[in-house]
Amino acid sequence: MPVELSNKYACFIPLCPLVASRLTGSLSFFFPKATRSLRRLCATFNTFSLTTAMSVSFALFRQQAATHSIQQYLWARIPRSDFCLKIGFLIDPLTLTMSILVTTVGISVMVYSDSYMCHDQGYARFYAYPSLFTASMLGLVFSPNLIQIYVFWELVGMCSYLLIGFWFARSSAANACQKAFVTNRIGDFGLLLGVSGVYWITGSFEIFELCDRFFELNSNGVINPILANAIALLLFLGPVAKSAQFPLHVWLPDAMEGPTPISALIHAATMVAAGIFFTVRIFNLISTLPLTMLIISWVGGVTTLSGATLALAQKDLKRGLAYSTMSQLGYMVPALGIGASRPALFHPITHAYSKALLFLGSGSVIHSMEKVVGYSPTRSQNMFFMGGLRKCMPITGTTSLSGTLSLCGIPPLSCFWSKDQIIAESRLRSPYLGLITSVTAGLTAFYTSRIYLLTFEGNFCANQISYVGFNTSFPSKKIITSWGGTRPESVTTQTGNTFISTTDMKQGWVAEAENLVTLCPPEGNPVCGKVIQNHSERNLLHPQESNFCMVLPLIALAIPTAFAGLAGVDSTQKGTGLDLLFDWLISIPSFPEANKRFENLTEILTSSTPSLSLSLIGLLISLKAYGQTNKLANTKVFEKFKSINKNLLNTFVFSIRDWSINRGYIDYYYNTCFVGGINFISKLVFYFDQWVIDGFINGTGASSLLGGESLRHGKSGRISHYLLGLVIGIIPPASPVPIPPLP
């Protein structure tokens, strides 16, 4: 594509999914019957539109890499006296990188959703939402000014509200989308105040222009430092809510109520990435304020550690991955706070592909588990109902293993390179932040491998419950209406010598399943072993591998999960920006050059030894606790732990478990302080209004009524009496007779 055409064709990137979304939504609204018969055509059209946007993104990226230019295409102006708002597109490396990330993940989600959502009558409506979601995110990344960014920022929030509450007939989904909406309103209001403050100081909304003016005014001491830091922190409040940073992270775990493909889109490429992108975009502004940078770094540090600890004992598969996203986003924010903007932008890319792979893999597992345990998130997403799925779902298990090892920080997978850069920069800039990021690396390896082991290794536990005294029922089919309601079909399935009713599952079984770990522990349970021997496995229900439309995106995402990290590694360690993979390819004919690159690679791996060691320790502990082999049980590595006081160890383990299951008690404090406080103030206002304001009005009315009643009873209604009273009132009083003075 010629250079002069880049401005012309850039508008197609957000425009293609936007047009597809509007056409699909309009068709679904005005012609619902026709839409149901053409729903596959609607899905194909939305996928093709996003594919077109991806092609244009790659073409512009290749062109930009050759020219190293930053271009703006301003196609409209809104003048008003001295105010002029320019609307258009900003094309630079950051924009095109995010555009490729959004479009590639978006296409994977759309292809995957064709099979995942095929049972849903809201199929066409579903495809209209992700297209609008990706169009909003693409419009956000291409925006050249703060006003345009804020408009698309709100559109991203609106789309997340629609997608989280897609099945709004479920009360949990309705509450989750409202919680996400209200929480993000807090951050958006702060962002709006920050945008207003920046314009008041600089007189401009243009990104590059206002950053330069702000830097100049701040350097000359024109701006009050307190005001400057306050405005920067207000701007940062938007990313705190959007990217689920502490303390506005509470909406993220509840966002799992939406369809699993949407969880992958939110956590990988759109909503949570929007906050990181915006912070990177205004990095030149906030980098001039040391206090703001310090606060940003510690907000990210607290988020990193708290997200990792909250994920340690989660039973819900998607909720565990959600807290993992929170922790990984925390890595990016302190990197920005310490001034390492390049690793902070590098990690969202590597994390996006790994997390999208894990979420789509979890969707594949959930989709298969529903055929065994029924359509209920408390059962189909409970990891203690799973186990051994790698045997019956080999492709999903293998691809999920690559995503797991990538998040664990195991080389040469992608997340290792980006995470190691952040940890190394944190250790150089702040020892405390370096300690937090290093410890979190070990915790990340523990909980991510725990999720994999409980899901894919060991024995499948869901079928074994019915043989140890539990009454189970499995709805074999689910029909989801267009508004999110379910209509189960009842059949009867014979399992061994037991007939299992498939009408609905009793509530008691869900409660009993919480203790399933004691019934089917990882290290081989004699009870479970006897069950398998006494009942033929051919009569047991087992999950099966997903179909081609769901497996293909997993395979496609596994490729960047393995190699995307190499594209951002500076092999020379001198900031030249050459990527490691390209260096190796061009140095293959030259053995001395290849040897030099190998030495640089060895240097990189040597510098990452501390964080890699912690990751391996976390991985080994997870294998010991949840692994299925007995080899590690006899190793001497864990012999020293036997001498620890068991009571103290149990207290610590149960405390961590309670902390994780109760979400760090943060929701409890919010409900007590904010929700309870607002309810208390509302009651006070209600009583004040009822007894003071209404009491005064009602008292005035009552006094008028009583006065009228008293007058009514004092009147006889005879006209002669009224005339007599009138005459008496008219007669003037007699003049007083003067008294003569005494002689």
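The values are calculated or read from the model by the stated rules, or taken from the named source; none is laboratory data. Since we're looking at a predicted model, the values are computed, not measured. Every residue, glycine as well, gets a Cβ built from its backbone with ideal geometry; the counts of neighbours run over all protein chains shown. Surface accessibility is based on the protein's heavy atoms, side chains included, excluding ligands, DNA and RNA. Shrake-Rupley method; radii C 1.70, N 1.55, O 1.52, S 1.80 Å.
The table for this structure:
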| quantity | calculated |
| --- | --- |
| Extension gain (nm, one decimal) between Asn671 and Leu291, 0.36 nm per residue minus Cα-Cα | 133.7 nm |
| Mean accessible surface per residue for the range 667-729, computed with a 1.4 Å probe while every protein chain stays in place, in Å² | 87 |
| Segment Cys392-Leu227, extension gain: residue separation times 0.36 nm, minus the distance between their alpha carbons | 53.4 nm |
| Residues with amide H under 5 Å from that of Gly388, placed H, sequence gap 5 or more | Phe456, Glu457, Gly458, Asn459 |
| When the range 307-414 is reduced to its Cα atoms, the Kirkwood hydrodynamic radius in Å | 14.9 |
| Order by protection proxy (mean Cβ within 10 Å, highest first), peptides 560-566, 347-353, 303-309, 722-728 | 347-353, 303-309, 560-566, 722-728 |
| Separation of the Glu209 and Cys11 label points, Cα + 7 Å toward Cβ, nm | 2.0 |
| Per-pair calculated FRET efficiency, R0 = 25 Å: Leu23 and Phe58 via Cβ, rounded to 0.05 | 0.55 |
| Portion, in percent, of the accessible area of the range 252-392 that falls on carbon or sulfur, probe 1.4 Å | 64 |
| Heavy-atom accessible surface of the range 119-243: percent carbon and sulfur, 1.4 Å | 69 |
| Value of Rg to Rh for the range 87-203 (Rh from inverse mean 1/r over Cα pairs, i.e. Kirkwood) | 1.04 |
| Estimated vicinal HN-Hα couplings, Hz - the range 682-696 in sequence order (Karplus 6.51, -1.76, 1.60; Gly, Pro = x) | 5, 5, 4, 4, 4, 5, 4, 5, 6, 9, 9, 5, 5, x, 5 |
| Distance between modelled label sites at Arg40 and Ile186, nm, 7 Å Cα→Cβ extension | 4.7 |
| Carbon + sulfur, % of accessible area of the range 667-729 - ligands and nucleic acids excluded, 1.4 Å | 72 |
| Two-site FRET efficiency, Leu726 against Asp689, from Cβ-Cβ distance with R₀ of 60 Å, rounded to 0.05 | 0.85 |
| For the range 667-729, the Rg and Dmax computed from alpha carbons only, in angstrom | 25.2, 79 |
| Quotient of C-alpha Rg and 2.2 N^0.38 Å, computed over the range 117-158 | 1.42 |
| Out-of-range pairs (alpha-carbon distance over 26 Å; input Lys315/Lys355; Lys242/Lys419; Lys86/Lys355) | Lys86/Lys355 |
| Above-threshold pairs, the threshold being 30 Å between Cα atoms, out of Lys179/Lys391; Lys33/Lys179; Lys318/Lys391 | Lys179/Lys391; Lys33/Lys179 |
| Spin-label pair Ile555/Val151, simplified geometry with 7 Å Cα→Cβ offset, distance in nm | 4.3 |
| Per residue accessible area in Å² of the range 170-272, where ligands, DNA and RNA are left out and the probe is 1.4 Å | 34 |
| Fully extended contour minus Cα-Cα distance, from Phe652 to Ala625, at 0.36 nm per residue | 8.2 nm |
